[in-house]
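Engineer: Got a structure for you, written out below as structure tokens; questions coming shortly.
The values are calculated or read from the model by the stated rules, or taken from the named source; none is laboratory data. Fair warning: this is a prediction, and the values are worked out from it, not measured in the lab. Virtual Cβ from ideal backbone geometry, glycine too; neighbours counted across all protein chains shown.
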Amino acid sequence: MWKMDNFLKWQVLHMFERWKKRYTFMDDVNIITKLLLGITLFFFVIFIHNFDYMLYISALMFIFLMLFNGTELKITLAFLFATILFALTSSLFMILYGNGEHFIFKLGIIQISTESIVRGLHISLRTITVSMFGILIALTSQIVMIFYSLMQHLKIKPKIAYAFMAAIRMVPLIISSLIQLRRSLKMRYQMIDKSNYKGLKRFKHLLIPILSQNIRRAHQLSVAMETKGFKDGPRTYYYNAPFSYKDVLLVLCFVGIILLSFYLSAHFPITGIQDARVSGKLS
């Protein structure tokens with residue numbers, strides 16, 4: 001049982017590492033560079049209203065994700081599928097209830113026009129583009145290095161950073177405790193009335209012990225860290241999270257995607273829609 005619990009903890013903590021097939025330069029880029037570029041991309045796509053420009057950015061970002069995520073294909077496609085589904089679902093209200101001049105379908109309050117479809121797809125492309133870059137960050141970043149980089153470069157207080165790291169490490173502990181508790185309850189309720197283990201009673205038997213056990217663990221961890229003299233102030237780090245030429249390479253790739261998308265949309269337009277806010281006609 002102890003070996004199985006430790007194995008489960010290791011699986012959860014190293015989930016992304018288990019999915020890795022190869023390492024790319026993105027794995028060595030500092031997380032601060034990735035986050036800054038992600039924020040820049042988020043605000044940049046808000047001001048893009050040319051449909052073809054947004055379409056090319058999404059396509060090139062997809063190619064960039066597939067080339068440099070280094071993860072199993074089925075895992076990457078699963079994340080992409082969830083992202084596309086969320087983006088299309090979130091834009092349904094704009095498609096079904098949007099305004100326009102060229103209506104395709106009208107039924108009560110539902111009115112679908114070419115303009116509403118274009119606006120809905122344009123918003124979906126924005127969401128998908130930012131999400132793809134977010135997926136790339138998640139698949140190429142280690143959780144521990146995120147907090148070390150924030151402490152070393154952005155001067156985040158160690159107490160705050162280590163509190164988050166401790167909380168993340170509690171996740172596999174909670175999962176293993178839940179599995180162990182379910183097994184013990186399953187054996188126990190084979191000998192007594194099963195009616196005590198149905199509906200809300202079952203939830204109560206699982207929730208209360210899990211909460212009390214993990215609150216006790218968190219308290220023990222905090223006491224142990226205080227006993228060992230953990231506090232804010234100057235400190236050394238076992239892991240270093242430096243900036244390197246790979247950060248510059250990522251910035252160049254990012255700028256290249258933006259510029260190449262602009263060139264392709266200007267010289268090889270697909271739909272010809274200059275402003276998705278006001279036009280739904282294909283030229």
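Engineer: Condition check: assigned to a helix (DSSP H, G or I), more than 19 Å from VAL144 (Cα to Cα) and modelled with pLDDT of 70 or more. Does SER195 satisfy that?
Structural biologist: no
Each row is one residue, and each column tells you yes or no for (1) surrounded by fewer than 13 Cβ atoms within 10 Å (Cβ to Cβ); (2) at pLDDT 90 or above; (3) closer than 26 Å to HIS153 by Cβ.
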| site | (1), (2), (3) |
| --- | --- |
| GLY229 | yes, no, yes |
| TYR238 | yes, no, yes |
| ALA241 | no, no, yes |
| VAL255 | yes, yes, yes |
| ILE258 | no, yes, yes |
| PHE262 | no, yes, no |
| HIS267 | yes, yes, no |
| ILE270 | no, no, no |
| ALA276 | no, no, no |
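Engineer: Just wondering, is there one or more residues in the range 105-123 that are at pLDDT 90 or above and among the acidic types (Asp, Glu)?
Structural biologist: No, there is no match, as no residue in the range 105-123 is at pLDDT 90 or above and among the acidic types (Asp, Glu).
Engineer: Look through the range 18-30, keep the residues that are in a helix (DSSP H, G or I) and modelled with pLDDT of 85 or more, and return whichever of them is nearest to GLN142 (Cα to Cα).
Structural biologist: At the first step, the residues of the range 18-30 found to be in a helix (DSSP H, G or I) are 18-19, 25-28.
From what is left, the residues that are modelled with pLDDT of 85 or more are 25-28.
Details: PHE25: 14, MET26: 11, ASP27: 8, ASP28: 10 Å.
Looking at the filtered set, the residue picked out is ASP27.
Engineer: For the range 60-86, name all the residues that are touching a Leu at 6+ places or on another chain (Cβ under 9 Å) and assigned to a helix (DSSP H, G or I). Can you show your working first?
Structural biologist: Residues of the range 60-86 that are touching a Leu at 6+ places or on another chain (Cβ under 9 Å), as a first pass: 60-62, 64-66, 68-71, 75-76, 79-80.
The answer is LEU60, MET61, PHE62, PHE64, LEU65, MET66, PHE68, ILE75, THR76, PHE79, LEU80.
Engineer: For the range 43-58, check the following and say yes or no: at least one residue is closer than 13 Å to ILE123 by Cβ and part of a loop (DSSP other than H, G, I, E, B).
Structural biologist: yes
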